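Shown next, in structure tokens, is the structure this report addresses.
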Amino acid sequence: MSIRVKRIYDQPSEDDGVRILVDKLWPRGVSREEARVDLWLRDVAPSDELRRWFNHDPSKWSEFKRRYFEELESNPRVSMLRDMLKEGKVITLLYSAKSQYNNAVALKEYLE
């Protein structure tokens, strides 16, 4: 199982494997060509309510992950990601946040 996490503003590289954007909104200032996104899974992003509540506040990180993991339990896209990993694919979860406390990092932890 190989999951990477990378900011969408960082340069794509050959070892990224399948590049998957996991944000609900397309990142500002990045064209689709530049981003080289293979898959955009906006429905795997946290709910708007959870995202707004969290607001990348490190003091809410543990509770954010708990609530987000709860949302992921009933998300059919998670099994698709797990299938990709079982097939031996390398996936890179892309996010746009400036903070290291973001849903892509939490999703990686959830999948592992």
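The values are calculated or read from the model by the stated rules, or taken from the named source; none is laboratory data. This one's a predicted model, so the numbers in the text were calculated from it and none came from an experiment. FYI the Cβ positions are ideal-geometry reconstructions off the backbone, even for glycines, and counts take in every protein chain you see. Side chains included, ligands, DNA and RNA excluded: accessible areas come from the protein's heavy atoms. Shrake-Rupley method; radii C 1.70, N 1.55, O 1.52, S 1.80 Å.
A few notes on this one:
- All aspartates and glutamates inside 16 Å of Lys24 as judged from Cα atoms, apart from same-chain residues fewer than 8 positions distant: Asp38, Asp43, Asp48, Glu49, Glu71
- Under the Debye formula (equal points on every Cα, no solvent term), log10 I(q)/I(0) of the range 1-46 at q = 0.15, 0.16 Å⁻¹: -0.36, -0.41
- Ordering of 72-85, 12-25 by burial proxy (mean other Cβ atoms within 10 Å per residue, highest first): 12-25, 72-85
- Computed with a 1.4 Å probe over protein heavy atoms only, the accessible surface of the chain comes to 59 Å² per residue.
- Within the chain, helix-based [θ] at 222 nm, where runs of 4 or more DSSP H residues each add -39,500 (n - 2.57), nearest 500: -11000 deg cm²/dmol
- Kyte-Doolittle mean at least -0.5, axial Cα span of 15 Å or more - DSSP H helices of the chain: 76-86
- Heavy atoms of Trp40 accessible to a 1.4 Å probe, total area in Å² rounded to 10: 60 Å²
- Apolar share of the accessible surface for the range 15-79: 47 percent from carbon plus sulfur atoms, 1.4 Å probe.
- Cα centroid separation, the range 30-82 to the range 84-103 (Å): 10 Å
- Translational diffusion coefficient (Stokes-Einstein; Kirkwood radius from C-alpha pairs) of the chain at 10 °C, 1.306 mPa s, in µm²/s: 112 µm²/s
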